[in-house]
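Trainee: This structure is in structure tokens; I'll ask about it shortly.
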Amino acid sequence: MQEKILIIGACGQIGSELTMKLRDKFGNKAVIASDIREGSTELMQSGPFEFLDATDKAAILMIIHKHQVTTVYLMAAMLSATAEKQPKKAWDINMNSLLYVLDFAKEKLIQKVYWPSSIAVFGETTPRIDTPQKTILEPATVYGISKLAGERWCAYYHNKFGVDVRTLRYPGIISWKTLPGGGTTDYAVEIFHKALQEGSYECFLSENTTLPMMYMEDALKATIDLMDGPFFKTYVSYNVAAVSFNPKELAEAIRKNVPNFTITYKPDFRQEIADTWPQTIDDSLAREEWNWKHEYDTNAIVKDMLKNLKS
Ligand code: AKB
């Protein structure tokens, strides 16, 4: 059967670039983008698009039938900072949509599911340096709780019903095409826009807040490699890592390219969230099992971000 992919949340930061990558790989018609809002002209014009609320089970099912969908990438989510402001709504969006899609896979209406987890599954009792794959998971945020519960639901559907669902624990994702929204790691994208527009940035995290980050190209590669690979017998949501830096180090790397750039710090409620997350991640399992390898280090990320945002 020909693979037909539905991306739910296709106009978000990762969804928008994932859609275009998958359209390049499988052909424009094989990748149906869907979201509650419109995306870029490129996304809207290059292939099929459906308006879809990820919490509307009947609407998801209708689109699956209409396009004979085989694989769903469920990218719609409320991120860590916004979720703290609307906990119940975040739980609804992040959990219900996942359970609907897992049920469709259980009923064999679709064959394969991708669902993103996050470093937010870790909490302040987790070792923060080289955070292992298997460790204490006591998230302090609503977003983290939903990601941890989601991981366990995925494992349950996989173990009990043989559902092919794959997931990665993304770190903060840095990209230039679409802005992230509502995350704690968003500073690492905003800073580039402000550096070029205003030459200065007021950071909402303190200068020494080290967090794991990854460039979009690497995140897309990890996602597609995981989905292309075999269906692993032991179910895990894989740790994946690339670089780690704090706002001060990122500002210094930017300053090498934008010499007059200045940064000030005004930590807000997001500091508390960041303080519960790891600084560096041990992703050796992903590296061993499916040859995960990142390409972009901090300097390469900074150069590519600035080059693309300038043009
Ligand atoms: C966030 O900051 O909420 C996200 C994440 C790390 O999952 N970018």
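Trainee: Could you tell me whether segment 161-170 includes any residue that is modelled with pLDDT of 95 or more, assigned to a helix (DSSP H, G or I) and more than 12 Å from the ligand (Cβ to nearest atom)?
Mentor: yes
Trainee: Tell me, please, whether a residue that is within 16 Å of the ligand (Cβ to nearest atom) and either within 17 Å of the chain's Cα centre (by Cα) or over 19 Å from Trp91 (Cα atoms) (or both) can be found in segment 127-134.
Mentor: Among the residues of segment 127-134, at least one is within 16 Å of the ligand (Cβ to nearest atom) and either within 17 Å of the chain's Cα centre (by Cα) or over 19 Å from Trp91 (Cα atoms) (or both), which makes the answer yes.
Trainee: Which one is nearest to Gly162 (Cα to Cα), of the residues in segment 208-243 that are surrounded by 19 or more Cβ atoms within 10 Å (Cβ to Cβ) and of a type in the set (S, T, N, Q)?
Mentor: In this case the residue turns out to be Ser237.
Trainee: If you check Val142 against the conditions, is it buried (at least 22 other Cβ atoms within 10 Å of the Cβ), within 16 Å of the ligand (Cβ to nearest atom) and modelled with pLDDT of 95 or more? First the steps, then the outcome.
Mentor: Working: buried (at least 22 other Cβ atoms within 10 Å of the Cβ): yes; within 16 Å of the ligand (Cβ to nearest atom): yes; modelled with pLDDT of 95 or more: yes.
So Val142 passes the test.
Trainee: When segment 106-155 is examined, which residues are found to be of a type in the set (D, E, K, R) and touching a helix residue (DSSP H, G or I) at 6+ places or on another chain (Cβ under 6 Å)? Break it down into steps so the answer makes sense when it comes.
Mentor: Pass one, segment 106-155, residues of a type in the set (D, E, K, R): 106-108, 112, 124, 128, 130, 134, 138, 147, 151-152.
Lys106, Lys147, listed by residue number.
Trainee: Tally the residues that are in contact (Cβ under 8 Å) with a residue 12 or more places away in the chain, farther than 20 Å from Gln279 by Cα and among the aromatic types (Phe, Trp, Tyr), restricting the search to segment 106-156.
Mentor: Residues flagged as in contact (Cβ under 8 Å) with a residue 12 or more places away in the chain, farther than 20 Å from Gln279 by Cα and among the aromatic types (Phe, Trp, Tyr) within segment 106-156 amount to 3.
Trainee: Next question, about the same structure. Do the conditions hold for Pro230, that is, is it farther than 30 Å from Trp290 by Cβ and not hydroxyl-bearing (Ser, Thr, Tyr)? Break it down stepwise before answering.
Mentor: Details: farther than 30 Å from Trp290 by Cβ: no; not hydroxyl-bearing (Ser, Thr, Tyr): yes.
No; evaluated as a whole, the condition is false for this residue.
Trainee: With the condition being surrounded by fewer than 18 Cβ atoms within 10 Å (Cβ to Cβ) and more than 14 Å from the ligand (Cβ to nearest atom), I'd like the helices (runs of 4 or more DSSP H) fully within segment 64-115 carrying at least 3 qualifying residues.
Mentor: 87-91, 97-106
Trainee: I'm told Phe192 meets every condition in (1) closer than 15 Å to Met305 by Cα; (2) out of contact with any Leu (no Cβ under 7 Å at 6 or more places or on another chain); (3) crowded, with 20+ Cβ neighbours inside 10 Å except one. Can you identify the failing condition by its number?
Mentor: Checking Phe192 against (1) closer than 15 Å to Met305 by Cα; (2) out of contact with any Leu (no Cβ under 7 Å at 6 or more places or on another chain); (3) crowded, with 20+ Cβ neighbours inside 10 Å, the one that fails is (2).
Trainee: Also: Residue by residue through segment 116-138, note down the ones that are over 24 Å from Thr19 (Cβ atoms) and part of a helix (DSSP H, G or I).
Mentor: Of everything in segment 116-138, just one residue is over 24 Å from Thr19 (Cβ atoms) and part of a helix (DSSP H, G or I), namely Val121.
Trainee: If you scan segment 145-165, which residues turn out to be charged (D, E, K, R) and crowded, with 24+ Cβ neighbours inside 10 Å? Working first, answer last.
Mentor: Initial filter on segment 145-165 (charged (D, E, K, R)): 147, 151-152, 160, 164.
Scanning segment 145-165 gives a single hit, Lys147.
The values are calculated or read from the model by the stated rules, or taken from the named source; none is laboratory data. Quick caveat, the model's predicted, so the values are computed rather than measured. Heads up, the Cβs are rebuilt from the backbone with ideal geometry, glycines too, and the neighbour counts pull from every protein chain shown.
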